[in-house]
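Written below as structure tokens is the structure these notes are about.
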Amino acid sequence: MNPETRVVVIGGGVVGCSVLYHLTKAGWSDVTLVERLDLAAGSSWHAAGSIHTHNGNVYLVDLQRYTVELYPELERVSGQDCGIYMTGGLQLANSPEWMDWLRMVHARGRYLGMENELISASEAAEMFPLMDASLFVGALWDRHEGRVDPTGVTRAYAKAAEVGGATVVRNTRVDALSQRPDGTWDVRTDRGDIHAEHVVNAGGLWGREVGRMVDLELPLLAMAHQYIVTEPVPAVAEHRRTTGKELPMVVDFGGEIYMREEAGGVLLGTYEQDHRPWSPKVTPWTFGSELLQPEIDRIAPELEVGFTHFPVLADVGLRNIVHGPFVFAPDGNPCIGPVKGLRNYWLAVGVMAGFCQAGGVGLALANWMTEGDPGMDIWAMDVSRFGDWATMAYTNAKVREHYSRRFKITFPNEELPAGRPLHTSPLYDRYTAANAVWGASFGLEVALWFQEPGREPIEDITFRRSNAFRVVAEECAAVRNGVGITETSGFSKFRVEGEGAAAWLDRLLTNRIPPPGRITLSPMLNHGGRLIGDLTVANLERYFLLFGSGIAEDYYMRRFLWDLPENGEVRVEPLGQRLVGLSIAGPRSRDVLEAVADQSVGPEDLRFMDIRAMDIGMIPALVGRLTFTGDLGYEIWVGPENLRGLYHLLRKAGGEHGMRDFGLRALDSLRLEKGFGSWAAEYRPIYGPAEAGLSRFVALDKGDFVGRDAAVREREEGPVRRLVTMVVDAADADVVGDEPVWHDGRVVGWVTSGGYAHTVERSVALGYVPTELTDPDAPLEIEIIGDLRAASVQPAPLFDPGGTRMRG
Ligand SMILES: Cc1cc2nc3c(=O)[nH]c(=O)nc-3n(C[C@H](O)[C@H](O)[C@H](O)COP(=O)(O)OP(=O)(O)OC[C@H]3O[C@@H](n4cnc5c(N)ncnc54)[C@H](O)[C@@H]3O)c2cc1C
């Protein structure tokens with residue numbers, strides 16, 4: 001064991017071995033993996049070995065495809081057999097809703113370049129004769145599915161890494177980690193210490209324990225999972241004999257079952273409703289390469305459905321039951337990346353489908369470690385999507401919910417109930433009394449819309465327009481015709497101060513730092529000139545306030561701390577729920593504010609993008625003149641102790657102007673008709689500012705800033721695609737994001753978000769299309785639940801194109 005190395009990867013499961021391999025591929029050869037037993041000794045050895053690209057997130061679909069396509073390379077480099085067998089796979093729909101869902105998956109697959117195909121139930125039965133076709137509606141065929149040998153793959157990653165210069169140390173346990181002042185690590189093992197620049201936690205089932213070595217409580221929970229292997233099935237042999245092929249992989253959503261051929265029989269696993277977390281608080285170090293006792297009763301209801309859907313299985317004996325634990329994060333996606341405020345400590349944990357995902361995880365993490373950026377959009381698996389609010393109890397509730405819903409549809413307007421309410425603002429009870437329909441964002445309850453009095457505050461879950469449609473239209477009308485009020489406490493907010501603050505922000509952000517009393521919008525870029533932030537900067541003279549998307553609070557904070565000078569001349573503090581706010585918007589909003597403010601807020605005294613401290617009644621507040629509605633409006637920020645008082649004051653003053661509460665759904669509709677993009681939809685790390693239409697916020701002439709060279713190049717070369725607003729000839733369903741955009745029989749772009757713009761009464765989609773197709777006359781089509789709907793680019797905002805309302 002070498003006592004000095006650049007990286008120690010802790011854990012020799014499929015994930016740690018992939019990270020090790022990708023580090024060597026990225027050019028770091030002085031890297032070491034430490035495994036307490038043998039490779040694959042955690043979850044990896046007993047996996048079913050199925051590989052596929054199924055994921056609700058398009059970016060992860062792409063990374064899973066990368067993983068699946070990596071295996072031949074891995075065999076070549078390592079010389080190790082991975083047992084790859086690409087059978088293709090079928091996802092079976094047993095209801096019209098599941099068929100709609102498959103249509104959406106199929107459409108999404110088109111712009112990702114996936115080769116999948118919608119087929120009838122009888123066509124599916126020709127490929128998989130074990131099923132009773134009469135019980136299904138249709139299926140999706142996907143070429144990128146098959147199986148691998150889990151231990152072979154894990155060893156292949158390790159061997160390929162060794163070929164690249166890495167060292168693999170077995171039978172050695174990491175017991176403790178301590179960081180030196182220079183940020184490097186002393187890694188204490190039961191066979192001596194190793195000094196390393198970086199450590200990677202790829203501890204799998206022990207990911208929490210390796211987190212606790214640096215006082216991190218990670219949002220991870222292992223679930224006990226079972227699959228059965230049957231005795232040989234005559235129909236399987238018959239299929240082999242007639243086709244010469246193995247059966248395809250199958251997912252049967254109705255039965256909550258996945259299945260594949262195994263040694264002449266079938267391997268059948270289920271995400272059972274009667275599920276069990278495994279070792280919910282601590283994973284014992286004594287747990288070795290072992291299985292749990294079979295608990296067949298718990299999966300009996302799912303097996304019963306399976307025997308109906310696949311009748312030949314009812315008469316076949318069981319050969320084996322595999323029952324083992326594997327780890328999930330609250331939303332079922334991996335947790336990777338650096339950790340806020342912790343130098344040189346990296347995570348590659350929570351990977352619940354290692355044989356589908358480990359390649360992508362390894363690639364992204366290795367890029368991040370060697371280049372300072374993952375080089376792709378990995379938001380869906382970035383650990384920073386969870387804040388400190390994702391406690392052990394929250395994680396337990398959410399993981400169990402996710403596990404039991406693994407083969408259930410989550411509708412685009414669906415808000416899942418587990419682990420809620422968690423954080424609530426001081427207006428929670430008031431809004432609940434006003435019949436708010438609640439959603440959750442970054443742990444905080446947020447009002448989506450306000451149901452009419454006397455009706456249940458519940459939104460129908462659907463792919464189409466819901467019961468919210470008419471009410472949200474009224475909320476939008478209240479804003480556009482008078483004044484509306486909404487809560488803004490869910491934004492992320494940061495206080496930046498110190499003598500170096502202005503210079504630091506100037507280098508980090510693309511726009512000029514605003515003068516005192518003013519606000520600017522400013523993207524943040526990585527060195528490659530891609531968008532890694534979309535911030536509002538307010539200059540309060542003695543300090544700056546930065547506002548951004550609420551879900552990105554930890555993501556931004558991690559970035560700020562990463563870039564912070566060590567001399568202490570800049571201080572950054574996330575304000576969380578210590579600064580909360582309300583926004584009033586609409587043509588009457590100035591009248592309302594005028595009635596309660598202690599100073600004039602006339603058009604010359606509080607101009608568009610001004611910010612001032614003032615008293616609202618007796619409440620000290622910061623008032624900025626801007627809103628995301630694109631209307632005349634204000635954001636009013638106060639301490640939480642004053643939020644209720646502020647709300648009552650504004651409601652009272654707004655009474656004579658017909659003030660109405662509006663929620664996030666209305667805000668989304670209002671921003672769409674202005675063509676305003678939002679973080680994690682239109683603005684993501686795969687886009688440059690020119691293609692995202694943000695060039696006006698990139699001051700190339702202000703001096704150097706992070707990403708400037710790349711931004712100059714992007715502007716000089718001209719973007720090949722652009723963010724546009726499209727008007728869609730929709731029927732009863734609007735886009736939800738990730739739909740393909742067609743032109744002339746080809747998929748040319750994709751939708752990032754959209755919905756119904758109520759004031760202008762149009763169905764709207766924002767998305768990226770090739771620059772040459774941004775002409776409003778270019779005929780486009782957008783695929784919504786299997787239907788191609790005519791669409792055209794809208795050259796100017798649909799509402800108030802001159803911006804006179806918000807500037808007036
Ligand atoms: C029944 C079952 C079926 C499954 N089927 C599939 C499937 O078909 N397809 C699929 O993609 N996935 C499947 N999975 C999931 C898959 O097994 C996991 O996603 C994967 O194994 C996770 O790999 P890992 O490397 O993160 O964790 P692990 O395999 O748990 O590896 C972690 C390793 O770290 C080591 N370690 C931990 N702490 C230390 C320390 N302090 N010092 C040294 N070493 C340490 C452990 O010994 C272990 O070897 C299945 C899981 C189960 C339980």
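The values are calculated or read from the model by the stated rules, or taken from the named source; none is laboratory data. What you are looking at is a predicted structure, and each value in this text was computed from that prediction instead of being measured. For neighbour counting, all protein chains shown are included, and Cβ atoms are generated from backbone atoms with ideal geometry for every residue, glycine included. Side chains included, ligands, DNA and RNA excluded: accessible areas come from the protein's heavy atoms. Shrake-Rupley method; radii C 1.70, N 1.55, O 1.52, S 1.80 Å.
For region 700-713, the Karplus equation 6.51 cos²θ - 1.76 cosθ + 1.60, evaluated at θ = phi - 60°, returns couplings of 4, 8, 8, x, 6, 7, 4, x, 4, 4, 5, 5, 5, 4 Hz by residue, with Gly and Pro reported as x. Most simply put, the chain has about 85% antiparallel DSSP beta bridges, counting only bridges with both residues inside it. Would you mind telling me the share, in percent, of accessible area of the chain contributed by carbon and sulfur at probe 1.4 angstrom? Here it works out to 49 percent. Taking Cα atoms only, the orientation of helix 354-371 departs from the longest principal axis of the chain by about 50 degrees. Each of A314, W285, A711 was scored by the projection of its Cα onto the charge dipole of the chain, and the greatest displacement toward the positive side belongs to A711; charges sit on the C-beta of Lys, Arg, Asp and Glu. The string of couplings for region 498-510 from the Karplus curve (6.51, -1.76, 1.60, θ = phi - 60°) is x, 5, x, 4, 4, 5, 5, 5, 4, 7, 7, 10, 8 Hz, one whole number per residue in order, with x for Gly and Pro. Compared with the direct C-alpha span, the chain from D744 to I461 gains 98.5 nm at full extension, assuming 0.36 nm per residue. Only protein heavy atoms count here; on that basis, with a 1.4 Å probe, W101 has an accessible area of about 60 Å². What you get for the chain, charging only the Cβ of Lys and Arg (+1) and of Asp and Glu (-1), is a dipole of about 1240 debye around the Cα centre.
Remark: accessible surface ordering of R208, R542, R36 (largest first) is R542, R36, R208, probe radius 1.4 Å. Helix 150-163 and the longest principal axis of the Cα set of the chain meet at an angle near 80°. Rounded to the nearest 10 square angstrom, V77 shows an accessible area of 60 square angstrom against a 1.4 Å probe.
Here's how it looks for I784: its modeled amide H is under 5 Å from those of R789, which are all 5 or more places away or on a different chain. For the chain, the Stokes-Einstein estimate of translational diffusion at 4 °C and a viscosity of 1.567 mPa s comes to 46 µm²/s, using the Kirkwood hydrodynamic radius over alpha-carbon pairs.
Proximity of backbone amide H atoms, modeled 1.01 Å from N, is registered between G265 and V233 at under 5 Å, excluding neighbours fewer than 5 places apart on the same chain. Listed values for region 732-745 are Karplus-derived 3J(HN,Hα) couplings in whole Hz (6.51 cos²θ - 1.76 cosθ + 1.60, θ = phi - 60°), namely 9, 10, 9, 5, 10, x, 6, 7, x, 10, 9, 8, 6, x, and x replaces Gly and Pro.
Candidates L626, L650, A613 compared by Cα position along the dipole of region 601-658: farthest toward the positive end lies L650, with charges placed on Cβ.
Over all other residues within a Cβ to Cβ distance under 15 Å of K159, the charged ones net out to -3, with Lys and Arg as +1 and Asp and Glu as -1.
Net charge near F326, counting Lys/Arg +1 and Asp/Glu -1 over other residues with Cβ under 13 Å of its Cβ? Intermediate values should be presented prior to the final figure.
Details: positive: R276, R406; negative: none.
Combined, the nearby Lys, Arg, Asp and Glu give +2.
Put the Cα centre of region 414-488 next to the Cα centre of region 551-612 and the gap is 23 Å. Rounded to the nearest 5, the antiparallel percentage of DSSP beta bridges internal to region 117-276 is 95%. The heavy atoms of S29 present about 60 square angstrom of accessible area, all protein chains included, probe 1.4 Å.
Residues whose amide H lies under 5 Å from that of T752, counting only those 5 or more places away or on a different chain, are D738, L766, G767, Y768; hydrogens are built 1.01 Å from N in the peptide plane.
With K and R counted +1 and D and E -1, the other residues having a Cβ less than 11 Å from that of Y555 yield a net charge of +1. If you find the alpha carbon centre of region 332-402 and of region 147-221, how far apart are they in angstrom? If we compute the Cα centre of each part, the gap is 15 Å. Think of it as helices only: each DSSP H run of n ≥ 4 in the chain is worth -39500 (n - 2.57), and spread over all residues that comes to -8000 deg cm²/dmol at 222 nm.
Loop-located trypsin sites (Lys or Arg not before Pro) in region 690-797 (DSSP state not H, G, I, E or B) with no more than 15 neighbouring Cβ atoms inside 10 Å do not occur.
Average projection, convex hull of the Cα set of region 431-570: 11.7 square nanometres. The number of Lys pairs in the chain with C-alpha atoms less than 24 Å apart, excluding pairs fewer than 8 positions apart on the same chain, is 7.
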